[in-house]
Amino acid sequence: MVKQVKLADIAQKLGVSIVTVSKALSGQKGVSEELRAKIKTLADEMGYVPIHMQQGERSKTYTIGVITFETYFKQFESFYWKMYQELATRAVRQNCFTMLEVIPAQDENTGVPAKLIEEERADGIIIIGKPKKEYLKILCQNKKKPMVFLDFYDNEHMIDSVISDGFYGAYQLTDYLIRKGHTRIAFVGTVLYTGSITDRYFGYCRALLENGIEYRDDWIIQDRDYKDGVIGLGYEFKFPHDMPTAFVCNNDVTAYALIRQLEQKGYKVPDDISVAGYDDYLHPSCGESNITTYLVDTREMAKTALSCILKLIENLTVNTNIHVVNGRIIERSTVRKIK
């Protein structure tokens, strides 16, 4: 039997008081954000489960179906693979199991129903990543079990959703560049391709507006085609003739590819141009990341999504909610301060 992790165990490892750990995990004031993040991370790694979650449902075993899409999950190199791993790990800790179904692009286009829903293999369904509008409608119309959206929301369907704060995250990231002296800042992301990209775009726009900085259409740069959605080294960016001094990218994979192409054109990052990413995720084949980025807290998102679906399965939730999970900026070596 696995030993139950207590607040005292976490406090001892970090050399802080039990009160400090309790405040950090319950969201109370009196703990710095840096220490709060360390405590939460260690609690997750040690498998800590709050007392109120150890009662009742812990004695039951549920199967959680997880549906995502080939568009996002190609070769399992996606950011969503990391998110699924967090979800599966946490589910096991809570005496639950996950079943993953990746919907092929052809099935999404032709409307072939998800097997997890059709065959009722799971007690609840979590959908990672927003599918095409018509396919989302099929999923929601055919659902026979509780459902939660992870990393997206949809106004047409009243479904519990867990998202990162893309708007405020990109706002903070752009404001960070402005405080570093940059006023010529471009946004890299195909706006309207996903809700998260669009939210980040508007956060970028707000930061420019509040600081009285000119918005330029030629500094909004696509990072993928609408047809295939391929990002990274396989996509060729169309750079403006009048180059900015900094780029805000909607994800780290795009930031990585952008840096490589800037270097091919003779620019040095960050000496000539600064680049900031988003998500704090790169595939291991890219090596260790040195990209300044905004961390999306996948652990907290997975934790919240699992908590939501378990409550729905147990009929403990009445109101539908959108749960917003905050992240934080991580400073590395791709941004420099300019005069």
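Only the coordinates and a few stated rules stand behind these numbers; no lab work does. Just so it is clear, the model here is predicted, and its values are computed rather than measured. In this analysis, Cβ positions are derived from the backbone assuming ideal geometry, glycine residues included, and neighbour counts consider all displayed protein chains.
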Can you give me the long-range amide H partners of VAL162? Hydrogens built in the peptide plane at 1.01 Å from N, cutoff under 5 Å, separation of 5 or more residues or another chain.
PHE149, LEU150, ASP151, PHE152, HIS323
Angle in degrees between helix 133-142 and the longest Cα principal axis of the chain, rounded to the nearest 10
0
Where in the range 213-296 are there chymotrypsin sites (Phe, Trp or Tyr not before Pro) that are in a DSSP coil and have at most 14 other Cβ atoms within 10 angstrom of their Cβ?
TYR215, TYR226
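As an exercise, identify the GluC sites (Glu not before Pro) in the range 241-307 lying in DSSP coil whose Cβ has no more than 12 other Cβ atoms within 10 Å.
Working: sites: GLU263, GLU288, GLU300; in loops: GLU288.
Sites meeting the loop and neighbour criteria: GLU288.
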With springs only between Cα atoms under 10 Å, which of GLY27, GLY129, GLY327 fluctuates most in a Gaussian network model of the chain?
GLY27
At 0.890 mPa s and 25 °C, Stokes D of the range 139-284 from Kirkwood alpha-carbon radius, µm² per second:
151
Loop-located trypsin sites (Lys or Arg not before Pro) in the range 189-283 whose Cβ has at most 16 other Cβ within 10 Å (DSSP):
ARG216, LYS227, LYS238, LYS265, LYS268
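Whole-Å semi-axes of the range 212-326's equivalent ellipsoid, largest first, each the root of 5 times a Cα gyration tensor eigenvalue?
Working: eigenvalues 249, 55, 40 Å².
One finds semi-axes of 35, 17, 14 Å for the range 212-326.
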Value of relative contact order over the chain, rounded to a whole percent, pairs C-alpha under 8 Å and six or more apart:
16
Radius of gyration and Dmax over the Cα atoms of the chain, both given in Å:
21.1, 64
Placing +1 on the Cβ of each Lys and Arg and -1 on the Cβ of each Asp and Glu in the range 7-48, which of ILE18, ALA8, THR41 has its Cα farthest towards the positive end of the resulting dipole?
ILE18
Under 5 Å between amide hydrogens, which residues at least 5 positions from ASN250 or on another chain qualify, with H placed 1.01 Å from N in the peptide plane?
VAL188
GNM top mover of ALA305, ALA276, ALA257 - the chain, alpha-carbon springs below 10 Å:
ALA257
I need two numbers for the range 7-48: Rg to one decimal and Dmax as a whole number, Cα atoms only, in Å.
8.8, 24
Cross-link candidates for LYS130: which lysines have Cα within less than 27 Å, leaving aside residues fewer than 8 places away along the same chain?
LYS74, LYS82, LYS115, LYS143, LYS144, LYS145, LYS227, LYS238, LYS303, LYS311
